[in-house]
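Structure first, commentary second.
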Amino acid sequence: MIDERFDAIVVGAGPSGNAAAYTLATKGLKVLQIERGEYSGSKNVQGAILYADALEKIIPDFRDDAPLERHVTEQRIWMMDDSSHTGMHYRSDDFNEEKPNRYTILRAQFDKWFSARVKQAGAIVLCETTVTELVKDIHGRVIGVRTDRSGDTIKADVVILAEGVNGLVGQRSDLRPEVAPDSVALAVKEMHFLPRETVEARFNLTGNEGVVIEAMGTITKGMTGTAFLYTNEESISVGIGCIVSDFVDSDITPYALLEAFKNHPSIKPLLAGSECKEYAAHLIPEGGYKAIPQLVGDGWIIVGDAGQFVNAVHREGSNLAMTTGRIAAETVVWLHRLRNPMTKENLSEYTRRLSETFVMKDLKKYRGIPALLHGNKGNFFGLYPKLISQAMQTWFRVDGIDKVSKEKEIFRSFRSARTLLGMMGDAFKLVRAWR
Amino acid sequence: MHIVVCIKQVPDSAQIRVHPVYNTIMRQGVPTIINPYDLFALEEALRLRDRLGGEVTVLTMGPPTAAESLRKTLTFGADRAVLLTDRYFAGSDTLATSFALASALGKIAADFGKPDIIFTGKQTIDGDTAQVGPGIAKRLAYNQLTYVSRIVETDLDAGEIIVERRAEGGIQLLKTKFPVLITMLEATNEMRRGSIENALLAARAEVVTWNATDIGIEDLTKCGLRGSPTIVKKVFAPTARSEKAQIIQAEGGPTGLAEALICEIFQRAPGVESDLYEFAASN
Ligand SMILES: Cc1cc2nc3c(=O)[nH]c(=O)nc-3n(C[C@H](O)[C@H](O)[C@H](O)COP(=O)(O)OP(=O)(O)OC[C@H]3O[C@@H](n4cnc5c(N)ncnc54)[C@H](O)[C@@H]3O)c2cc1C
């Protein structure tokens with residue numbers, strides 16, 4: 001018999017669950033966190049870039065002992081066709097600041113560190129245990145969870161679902177719908193080992209400086225998706241991801257896509273001589289604002305990827321996960337102190353608080369983007385990258401043709417590929433979706 | 001009945017990597033696990049306790065991080081965990097290890113009751129010597145039963161135990177008296193999954209932690225590197241296998257893929273196909 005009762009149970013130990021459990025425990029609540037993996041981070045995949053601000057709001061001194069790889073001093077955005085890339089690079093010494101803004105991390109190590117902090121804060125963390133269902137009372141209020149271990153229901157005032165994008169607990173209990181194939185991306189990623197000196201020489205880095213490359217174009221073979229390459233201390237993370245329904249329609253396998261990306265003439269030399277240490281695949285919720293499910297109910301709250309909190313345009317996810325986890329926990333602490341019950345109505349304070357943060361504001365701003373890119377994927381992930389690359393080449397190649405003719409040629413190539421109206425339409429829609 | 005299980009935390013050998021540049025073993029970041037052979041010993045101990053009553057104490061010598069492995073054994077349902085940790089123990093070979101463990105078992109006997117049975121795994125995956133168990137038995141003057149594949153009978157009143165022991169060329173049926181040290185063979189049982197109550201208890205349990213002084217060791221020259229006559233002369237990496245993973249592709253969905261996969265296996269290992277037919281025919 002388990003007659004003890006917890007103030008809160010957190011399902012999952014990714015960034016959202018750890019943020020929630022840590023916040024609750026430091027405020028003195030009795031917290032149980034349940035994770036199905038062998039340890040926090042063992043099941044998790046990310047690029048991975050850590051945005052300092054979201055973590056700083058939870059653990060201000062995290063830089064003292066968190067396992068961080070490199071701080072990002074240079075951002076490259078590449079538009080790629082089959083043989084070229086057109087790039088925008090931003091590098092600034094301002095990013096070499098006392099408290100850097102973005103870091104590359106390895107999730108397996110980072111999550112483990114975060115989890116150790118959660119335990120230190122006083123939460124009980126059970127790993128290798130999967131939550132199988134939410135237990136409800138006769139009024140439909142969630143009162144606890146059951147796990148894949150034999151034994152009783154574990155009871156709590158509130159259950160925080162931080163179970164990630166494909167969390168089955170919420171689905172099984174009808175709290176949220178199954179993720180639709182067109183609002184979730186499948187990403188594959190590899191870690192390539194290279195000696196520290198090689199990484200630094202290859203990317204012009206000093207000390208712990210780091211470079212990130214985000215890429216799009218024909219590399220996704222007309223599917224809606226992006227690719228990335230991040231520098232770690234002694235390795236490089238490289239990956240690519242596309243919307244699941246596109247993979248289904250195209251019959252292209254994710255690993256074939258990654259192989260092709262790694263062999264692209266712009267990428268290959270960056271990985272030369274490296275040894276692949278790790279291969280991982282994971283889903284990313286990309287449905288944006290419109291895909292956000294109901295977030296609270298009687299006795300439950302959803303945070304992180306489980307709530308579709310990913311800003312696909314800016315490649316932000318873990319920071320939204322941590323912020324939603326923190327705010328959910330703060331709401332629970334607030335109700336707990338007032339001795340107010342964890343009803344749907346009371347918990348909806350979480351949704352209200354969220355709407356005042358960057359999380360909801362950003363997702364709302366980009367609410368039209370997923371549908372726009374998906375509906376015009378042939379143009380955005382095929383035609384335009386090719387045209388831009390051709391235009392660049394025409395412009396830079398010196399071959400005795402005068403510049404006026406070159407300009408005309410570029411203009412003609414765009415006109416013959418797509419009607420002026422179509423192009424203006426796309427631009428207009430993009431601007432509108434962006435605003 | 002008091003049963004003690006000696007376990008070791010070992011690097012997960014499936015995940016050990018050799019530094020591609022310097023050719024040394026990269027220990028850092030390699031996850032640790034409970035020596036897989038020890039789990040069979042632990043499960044057998046738990047079964048005996050469940051049947052006959054009593055307590056299971058788990059003992060390990062290792063770095064402070066070995067407490068995690070001990071905690072895991074509590075999740076499985078062990079009653080108590082003891083960690084023996086001291087920098088004086090660093091670099092112990094099997095002689096020094098069995099000395100330290102036997103000393104700790106002396107204190108366990110004094111504090112928690114004399115063990116009727118001490119279990120160890122058959123051997124460890126990182127040392128492969130199979131010497132520590134017998135070493136402990138010798139030092140404590142326990143009867144020893146090595147390579148046990150099954151516990152046939154335990155008679156508490158008579159103080160007797162009957163086991164099956166796998167030996168070359170057959171199985172021996174052996175009877176002996178308590179107290180006894182048993183080294184358990186692999187694949188003899190299946191580790192249980194602890195209940196949620198066990199898991200909750202384990203998450204909060206205190207691991208009993210002792211150092212060399214706590215267990216009454218006075219002669220430190222018998223410990224660690226100084227007490228170890230074994231010398232590791234050289235560590236080297238075997239050359240990498242040239243065989244590469246192969247990606248199998250096929251039309252026709254899961255069925256097509258399964259067929260392609262099976263064809264590939266049959267082609268490489270022709271014996272498997274005929275074995276399977278024979279198996280199917282005999283069932
Ligand atoms: C390839 C890739 C690259 C990315 N790059 C970035 C990036 O650079 N920057 C960024 O900010 N974000 C990035 N993201 C997104 C980011 O990884 C996620 O937004 C973030 O991990 C979400 O955190 P979470 O805690 O909500 O979910 P998760 O990290 O998925 O954690 C969920 C946890 O719940 C556990 N769990 C699930 N079900 C159960 C159950 N029933 N019982 C017990 N435990 C359960 C899981 O094992 C897991 O540990 C990337 C994602 C991918 C896939």
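Annotations
- Filter pass, A:Glu35 being modelled with pLDDT of 95 or more, within 14 Å of chain B (Cβ to nearest Cβ), within 13 Å of the ligand (Cβ to nearest atom) and within 23 Å of A:Gly239 (Cβ to Cβ): no
- Considered as a group, the residues in the stretch A:221-237 that are polar (S, T, N, Q) and within 14 Å of the ligand (Cβ to nearest atom) include one that is nearest to the other protein chains (Cβ to nearest Cβ), and that residue is A:Asn232.
- Exactly one residue out of A:Glu128, A:Glu163 is within 9 Å of chain B (Cβ to nearest Cβ), open to solvent by 20 Å² or more (accessible area, probe 1.4 Å) and within 11 Å of the ligand (Cβ to nearest atom): that is A:Glu128.
- The stretch B:238-250 residues that are more than 19 Å from A:Cys276 (Cβ to Cβ), paired with ones that are open to solvent by 100 Å² or more (accessible area, probe 1.4 Å) (beta carbon under 9 Å, 6 or more apart): B:Ala250/B:Glu259
- Only residues that are under 17 Å from A:Ala272 (Cβ atoms), open to solvent by 10 Å² or more (accessible area, probe 1.4 Å) and more than 14 Å from every other protein chain (Cβ to nearest Cβ) were counted in the stretch A:193-219, giving 5.
- Flag if B:Gly194 is open to solvent by less than 70 Å² (accessible area, probe 1.4 Å), within 14 Å of another protein chain (Cβ to nearest Cβ) and not in a loop (DSSP other than H, G, I, E, B): no
- Residue within the stretch A:303-310 that is open to solvent by 10 Å² or more (accessible area, probe 1.4 Å), out of contact with any strand residue (DSSP E or B) (no Cβ under 6 Å at 6 or more places or on another chain) and either near the ligand (Cβ under 9 Å from one of its atoms) or not aliphatic (A, V, I, L, M) (or both) present: no
- A:Gly47 being open to solvent by less than 10 Å² (accessible area, probe 1.4 Å), within 25 Å of A:Gly239 (Cα to Cα) and within 15 Å of the ligand (Cβ to nearest atom): no
- Filter pass, A:Arg352 being away from the ligand (no atom under 16 Å from the Cβ), surrounded by fewer than 18 Cβ atoms within 10 Å (Cβ to Cβ), within 20 Å of the chain's Cα centre (by Cα) and not small (Gly, Ala, Ser): no
- Qualifying residue in the stretch A:319-337 (condition: in a loop (DSSP other than H, G, I, E, B) and either among the aromatic types (Phe, Trp, Tyr) or under 30 Å from A:Gly217 (Cβ atoms) (or both)): no
- Among the residues making up the stretch B:104-159, those that are of a type in the set (Val, Ile, Thr) and in contact with a helix residue (DSSP H, G or I) (Cβ under 9 Å, 6 or more places away or on another chain) are B:Ile117, B:Ile118, B:Thr120, B:Thr124, B:Ile125, B:Thr129, B:Val132, B:Ile136, B:Thr146, B:Val148, B:Ile151, B:Thr154.
- Selection within the stretch A:260-291 - surrounded by fewer than 20 Cβ atoms within 10 Å (Cβ to Cβ) and within 12 Å of chain B (Cβ to nearest Cβ): A:Gly273, A:Glu275, A:Cys276, A:Lys277, A:Glu278, A:Tyr279
- Residue in the stretch B:229-239 that is over 30 Å from A:Ile124 (Cβ atoms) and within 14 Å of another protein chain (Cβ to nearest Cβ) present: yes
- Exactly one residue among A:Asp53, A:Asp94 is away from every other protein chain (no Cβ under 14 Å), away from the ligand (no atom under 16 Å from the Cβ) and acidic (Asp, Glu), and that residue is A:Asp94.
- Failed condition for A:Leu257, given (1) out of contact with any Lys or Arg (no Cβ under 8 Å at 6 or more places or on another chain); (2) buried (at least 22 other Cβ atoms within 10 Å of the Cβ): (1)
- Any hit, the stretch B:211-224, residues being within 12 Å of another protein chain (Cβ to nearest Cβ) and in contact (Cβ under 8 Å) with a residue 40 or more places away in the chain: no
- Filtered residue count, the stretch A:131-143, keeping only those that are within 24 Å of A:Lys43 (Cα to Cα), within 14 Å of chain B (Cβ to nearest Cβ) and open to solvent by less than 40 Å² (accessible area, probe 1.4 Å): 1
- Scanning the stretch B:131-151 for residues being part of a loop (DSSP other than H, G, I, E, B) and open to solvent by less than 30 Å² (accessible area, probe 1.4 Å) gives a total of 1.
- Qualifying residue in the stretch A:167-175 (condition: modelled with pLDDT of 95 or more and either within 14 Å of chain B (Cβ to nearest Cβ) or on the phi > 0 side of the Ramachandran plot (or both)): no
The values are calculated or read from the model by the stated rules, or taken from the named source; none is laboratory data. Just so it is clear, the model here is predicted, and its values are computed rather than measured. Every residue, glycine as well, gets a Cβ built from its backbone with ideal geometry; the counts of neighbours run over all protein chains shown. For the accessible areas, the whole protein counts, side chains as well, though only heavy atoms, and no ligand, DNA or RNA atoms are used. Shrake-Rupley method; radii C 1.70, N 1.55, O 1.52, S 1.80 Å.
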